[in-house]
Amino acid sequence: MQLVVGLGNPGARYARTRHNVGFEVVACLAERWGITLGDTEPSGARRGVGMIRSAPVTLVMPWTYMNRSGGPTAAVATPMAIEAPAITVVHDELDLDFGTIRCKKGGGHGGHNGLRSLQENLGRDTRRVRIGIGKPPEGLSGADHVLGHWSEAESSALPGIIEKASDAVERIVVDGIQAAMNRFNVRTLPPAPPSAPRRRPAPAAPMTEEQT
């Protein structure tokens, strides 16, 4: 059994904010694979058990504030003897451009309070799907940016990003973190500028007697 944990904040106030993109990916996976997410448990988590292709998984939303995500997640993982290497965490990432998807194993929390709480409760060896939300514009704090709602342009692109991040989770749970990194961490090079048209050589002048 593997755990897939989407990070976010509960309640209508935080719905469709950048910080809740992990919740949206878990909801997408639940719909794709017919997994029902139950009501909030006493531990503070919502969970659903099912299959992603051939892999048995438990989908988890820590239904508490972001900085307390570790407690509800550990309350699900510990009785099932699921340790950090079998847990995939889906979360927003300020240090990636909007829409960029990257897979990672371990690493620090980088100031992300949800990751900090998870690492305090479960260690640092979880697998991660990082979803870029971009840095805040000048004059806006990081906290206001992550808790802000998507712009109109971002909202238009978001469904495709959620689908791609869900694909990344599926690759991890079925084929492993290395396969997912090979697939989703490839940098796309910008298109090369068009080359200048080649000049056709000027026709050779007829040879004179002196050149022969």
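Any read-out appearing in this document is the output of simple, stated calculations on the displayed coordinates, not a laboratory observation. It should be emphasised that the depicted structure is a prediction, and the values quoted were computed from it without experimental measurement. Cβ: placed from backbone, ideal geometry, glycine included. Neighbour counts: every protein chain shown.
General remarks:
- Cut-off 14 Å between beta-carbons: net charge of the residues surrounding Ser155, Lys and Arg +1, Asp and Glu -1: -1
- Each of Arg32, Arg127, Arg13 was scored by other Cβ atoms within 10 Å of its Cβ. Arranged with the fewest first, they read Arg13, Arg32, Arg127.
- If you take all other residues with their beta carbon under 13 Å from the beta carbon of Ile52, and give Lys and Arg +1 and Asp and Glu -1, the sum is -1.
- Mean projection area, nm², convex hull over Cα of the chain: 19.4 nm²
- The residues packed around Gly110, meaning those with a beta-carbon under 12 Å from its beta-carbon, carry a net charge of +2 if Lys and Arg are +1 and Asp and Glu are -1.
- For a label point 7 Å along the Cα-to-beta-carbon line of Met80, residues of the stretch 88-117 with backbone N under 18 Å: 88-91
- When the inverse distances between all different Cα atoms of the stretch 1-73 are averaged and flipped, the Kirkwood radius reads 12.2 angstrom.
- Value at 222 nm in deg cm²/dmol, rounded to 500, when DSSP H runs of n ≥ 4 in the chain each add -39,500 (n - 2.57): -9500 deg cm²/dmol
- Hull-based mean projected area of the stretch 50-129, where the convex hull spans the alpha carbons, in square nanometres: 5.7 nm²
- Glu138-Asn67 pseudo-label distance in nm [points 7 Å out on the Cα-to-Cβ vector]: 3.0 nm
- DSSP-defined beta bridges in the stretch 2-184 - what % are antiparallel, rounded to 5: 50 percent
- Of the residues Gly176, Met51, Gly34, the one whose Cα sits farthest towards the positive end of the charge dipole of the stretch 2-184 is Gly176 (charges of +1 on Lys and Arg Cβ, -1 on Asp and Glu Cβ, taken about the Cα centre).
- Span-rule helices in the chain, defined as complete DSSP H runs reaching 20 Å or more along the axis (Cα) with Kyte mean at least -0.5: 152-175
- Cβ charges +1 (Lys, Arg) and -1 (Asp, Glu), total dipole of the stretch 2-184, debye: 340 debye
- Backbone phi angles across the stretch 36-52, fed through the Karplus curve with coefficients 6.51, -1.76 and 1.60 (θ = phi - 60°), yield HN-Hα couplings of 8, 8, x, 5, 5, 8, x, 5, x, 10, 9, 9, x, 10, x, 10, 10 Hz in residue order; Gly and Pro are listed as x.
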